[in-house]
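To start, the structure under review is shown below, and the notes come after it.
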Amino acid sequence: MPVKVDVTGEVVTAYLSGELDHHSAREMREAIDAAVDLNMPTLLILDFHDVSFMDSSGIGLVMGRFRNLKKTGAQLHITNTPPQIYKVMRLAGLDRLAKLEKGGVKVETVQ
């Protein structure tokens, strides 16, 4: 499975892996949404450490999770983004929707 989900208290962390494209995005989205619906977290962390490729489906995955979390007031953090994926996320404006971290070091925050 291209996503592993861990729950600790009010935090759901999704560890994404492999290629995030239209073939894998649906499975990732369903697993993340199921965990969020079941646990009602105050924070969702999407960890991109093991993602080797991402197309626009990845942007859609992040934006969709942001919209879902906005309904409950939960926050979204994106962590461990490889340099190329980080660059694409910044260009897409995802740093305005979520806390965006590059390689585990916080560089952008939502105000």
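Given Cα pairs under 8 Å that are at least 6 residues apart, what percent is the relative contact order of the chain?
Numbers: 201 pairs, mean separation 25.5, N = 111.
In percent, rounded to a whole number, it is 23.
Can you list the lysines whose alpha carbon sits under 19 Å from that of Lys102, skipping same-chain ones fewer than 8 residues off?
Lys87
List, in order, the whole-Hz ³J(HN,Hα) value for each residue of the stretch 11-21 obtained from phi through the Karplus relation with A = 6.51, B = -1.76, C = 1.60 and θ = phi - 60°; use x for Gly and Pro.
10, 10, 10, 10, 9, 8, 8, x, 8, 9, 9
How big is the charge dipole of the chain about its Cα centre, in debye rounded to the nearest 20, if each Lys and Arg gets +1 on its Cβ and each Asp and Glu gets -1 on its Cβ?
On the way: 13 positive and 14 negative charges, 93 e Å.
For the chain, the charge dipole is close to 440 debye.
Averaged per residue, what accessible area in Å² does the stretch 53-94 show with a 1.4 Å probe, protein chains only? Mind dumping the intermediate values first?
On the way: 2130 Å² over 42 residues.
Accessible area per residue, the stretch 53-94: 51 Å².
For the chain, give the percent of accessible area contributed by carbon and sulfur heavy atoms, probe 1.4 Å, rounded to a whole number. Working shown, then result.
Values: 3190 of 6170 Å².
Solvent-exposed carbon and sulfur of the chain make up 52 percent of the total.
Using alpha carbon coordinates only, what is the Rg to Rh ratio of the chain, with Rh defined as the Kirkwood radius? Present the calculation step by step, with values, prior to reporting the outcome.
Numbers: Rg = 12.4 Å, Rh = 13.6 Å.
Dividing the radius of gyration by the Kirkwood radius yields 0.92.
For the stretch 80-89, take each phi angle, set θ = phi - 60°, evaluate the Karplus expression 6.51 cos²θ - 1.76 cosθ + 1.60, and give the result in whole Hz per residue in order, putting x for glycine and proline.
Per residue, the Karplus-derived 3J(HN,Hα) values read 6, 7, x, x, 5, 5, 4, 4, 4, 5 Hz.
Which distance in nm do the two modelled labels at Lys4 and His22 give, with both placed 7 Å along the Cα-to-Cβ direction?
Label at Lys4, label at His22, 3.0 nm between them.
Please list, or write none, the aspartates and glutamates whose alpha carbon is within less than 18 Å of the alpha carbon of Lys4, excluding same-chain residues fewer than 8 places away.
Reachable aspartates and glutamates: Glu19, Asp21, Glu27, Glu30, Asp33, Asp37, Asp47, Asp50.
In the stretch 1-30, what GluC sites (Glu not before Pro) fall in a loop by DSSP, with at most 15 other Cβ atoms inside 10 Å? Provide the component values of the computation, followed by the final result.
Values: sites: Glu10, Glu19, Glu27, Glu30; in loops: Glu10.
Passing sites in the stretch 1-30 are Glu10.
The values are calculated or read from the model by the stated rules, or taken from the named source; none is laboratory data. Because the structure is predicted, anything quoted here is derived from the model rather than measured. Heads up, the Cβs are rebuilt from the backbone with ideal geometry, glycines too, and the neighbour counts pull from every protein chain shown. Each accessible area value is taken on the protein alone, full model and side chains, heavy atoms only, with ligands, DNA and RNA left out. Shrake-Rupley method; radii C 1.70, N 1.55, O 1.52, S 1.80 Å.
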